[in-house]
């Protein structure tokens with residue numbers, strides 16, 4: 001894959017903005033008005049749209065937009081797990097927050113007898129584009145955040161290690177299906193940054209024996225467009241560099257490039273996928289502004305180790321803004337590519 005990519009390859013983190021009709025289709029399905037074939041057809045169409053708009057913007061490494069995943073990981077993953085019991089949300093009215101989201105109690109050992117569904121996601125999107133594809137998947141610690149251990153597991157970390165084995169099997173199945181670039185999303189690492197050595201052990205167990213390029217995405221949350229933690233990566237460094245991932249996807253745009261110098265302070269052979277477009281702001285960057293952020297990043301990262309991405313997924317961003325931001329990201333990258341080529 002890397003041999004066919006330009007310098008400063010562009011990508012998205014994972015999710016893409018939903019079209020209006022996908023929201024109404026989901027509501028109709030929840031009312032029982034759609035059958036499973038109807039919903040599959042709708043989601044296939046949504047993936048096609050996400051791929052087309054990434055291609056039209058000129059993005060180099062695509063995803064399927066996570067169009068089959070409701071709420072980042074909720075129905076898409078917990079629905080594949082056995083051993084869980086629904087727990088009602090703590091709050092149902094008022095300003096939207098994490099305490100209004102679903103959670104589950106573990107009532108028996110967690111299993112995923114039919115996998116997590118990623119092979120089907122990859123199989124479809126591979127038929128829709130000839131460009132490079134990245135497959136994102138929530139990591140076990142993040143997935144464990146909505147699971148109460150019950151009497152089966154000691155704590156969240158214990159739950160996460162059980163999930164790590166399930167995720168490992170899913171990643172190996174993805175590779176067998178042809179996937180060569182997988183990104184493990186672990187926003188919860190930065191939210192609970194006091195245990196980086198545990199996170200390293202957990203991550204490495206999740207990707208052990210997976211023969212693909214592995215990335216890790218660390219952010220501070222993006223539920224309804226809001227962070228959920230103190231926005232600092234420093235507590236994770238340098239320990240987090242021991243994860244068996246060749247690329248780190250980190251957010252910088254919404255923090256005015258804060259902590260980009262960490263990459264020079266703690267040198268490594270890792271690639272950096274720098275978040276240089278702010279998905280949590282409806283101000284739409286110009287290509288020149290993106291280019292300036294890339295120039296800043298290049299003061300700390302070699303060009304052949306730098307990729308350009310948004311800060312996070314576009315699932316919490318209106319589609320019109322997502323389209324404009326993607327175009328600005330790609331055009332800003334092309335400006336700097338020309339500069340690097342001496343043109």
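General remarks:
Listed here are the residues, each with its yes/no results for (1) surrounded by fewer than 17 Cβ atoms within 10 Å (Cβ to Cβ); (2) in contact with a strand residue (DSSP E or B) (Cβ under 7 Å, 6 or more places away or on another chain).
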position	(1), (2)
68	no, no
81	no, yes
90	yes, no
93	yes, no
99	yes, no
103	no, yes
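- Total residues in the range 238-259, condition touching a helix residue (DSSP H, G or I) at 6+ places or on another chain (Cβ under 9 Å), without any contact (Cβ under 8 Å) to a residue 40 or more places away in the chain and assigned to a loop (DSSP other than H, G, I, E, B): 2
- Residue match in the range 165-187 (condition: modelled with pLDDT under 95, touching a helix residue (DSSP H, G or I) at 6+ places or on another chain (Cβ under 8 Å) and either in a helix (DSSP H, G or I) or surrounded by fewer than 23 Cβ atoms within 10 Å (Cβ to Cβ) (or both)): yes
- Where strands (runs of 3 or more DSSP E) fall entirely within the range 39-141, those with at least 3 residues that are more than 25 Å from residue 190 (Cα to Cα) are at 82-87, 103-111.
- Checked against the criteria, residue 86 does not count as out of contact with any strand residue (DSSP E or B) (no Cβ under 8 Å at 6 or more places or on another chain), exposed (fewer than 14 other Cβ atoms within 10 Å of the Cβ) and over 25 Å from residue 327 (Cα atoms).
- The one condition from (1) in contact with a strand residue (DSSP E or B) (Cβ under 6 Å, 6 or more places away or on another chain); (2) surrounded by fewer than 18 Cβ atoms within 10 Å (Cβ to Cβ); (3) within 29 Å of residue 100 (Cβ to Cβ) that residue 195 does not meet is (1).
- Going through (1) assigned to a helix (DSSP H, G or I); (2) loosely packed, with under 14 Cβ neighbours inside 10 Å; (3) in contact (Cβ under 8 Å) with a residue 24 or more places away in the chain one by one, residue 263 falls short only on (2).
- Test result for residue 276, crowded, with 17+ Cβ neighbours inside 10 Å, touching a strand residue (DSSP E or B) at 6+ places or on another chain (Cβ under 9 Å), without any contact (Cβ under 8 Å) to a residue 40 or more places away in the chain and in a strand (DSSP E or B): no
- Any chance residue 123 is within 20 Å of the chain's Cα centre (by Cα), at pLDDT below 95 and over 15 Å from residue 65 (Cβ atoms): no
- Filter result (surrounded by 15 or more Cβ atoms within 10 Å (Cβ to Cβ) and touching a helix residue (DSSP H, G or I) at 6+ places or on another chain (Cβ under 6 Å)) within the range 105-123: 110, 112, 116, 118, 119, 122
- Failed item, numbered, when residue 160 is tested on (1) at pLDDT 95 or above; (2) over 25 Å from residue 234 (Cα atoms): (2)
The values are calculated or read from the model by the stated rules, or taken from the named source; none is laboratory data. Note that the structure is predicted; figures quoted are calculated from it, not measured. Note that each Cβ is placed from the backbone with ideal geometry, even for glycine, and that neighbours are counted across all protein chains shown.
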